[in-house]
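The values are calculated or read from the model by the stated rules, or taken from the named source; none is laboratory data. Values in this document were obtained by computation on a predicted structure and should not be read as measured data. Cβ coordinates were reconstructed from backbone atoms using ideal geometry, including for glycine residues, and neighbour counts include every protein chain displayed. Side chains included, ligands, DNA and RNA excluded: accessible areas come from the protein's heavy atoms. Shrake-Rupley method; radii C 1.70, N 1.55, O 1.52, S 1.80 Å.
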Amino acid sequence: QVQLVVSGGGLVQPGGSLGLTCAASGTIFTIYTMGWYRQAPGKQRELVATITSGANTNYAESVKGRFTISGDTAKTTVTLQMNSLKPEDTAVYYCYSYALRAIIPRGPYNYWGQGTQVTVSS
């Protein structure tokens, strides 16, 4: 089995910072992409940031310059550092992985972690 375990989230004031961490475990052979998506009330789920096995990153326009995604060498653990948070960042955040399993059939497959609530409010 493959699972994505998320830590972090919570309540923070506007302008504050918060960090989210996602750890992938289980029958993983190769991780191609790790990242974060979010879904706010009344909105569709959207990409926040991703990082590939080659350490290439991609960010939503709304978070560029404020959020930073990083990971270890194997990208089994990724962190989303969120700075200068705005009320518009309030959403449920989901960890995402696109990876090959260590067992057959290998995939690759899409994996989703449990959502964590991030609330930006004074």
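Numbers at a glance
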quantity: Label zone at residue 52 (point 7 Å along Cα-to-Cβ), backbone N below 11 Å, the range 1-45; calculated: 32-33
quantity: Cα lying deepest toward the dipole's positive end in the chain, options 59, 107, 49, charges on Cβ; calculated: 107
quantity: The chain: antiparallel DSSP beta bridges as a percent of all, rounded to 5; calculated: 95
quantity: Average accessible area per residue (Å²) across the chain - probe 1.4 Å, nucleic acids and ligands excluded; calculated: 52
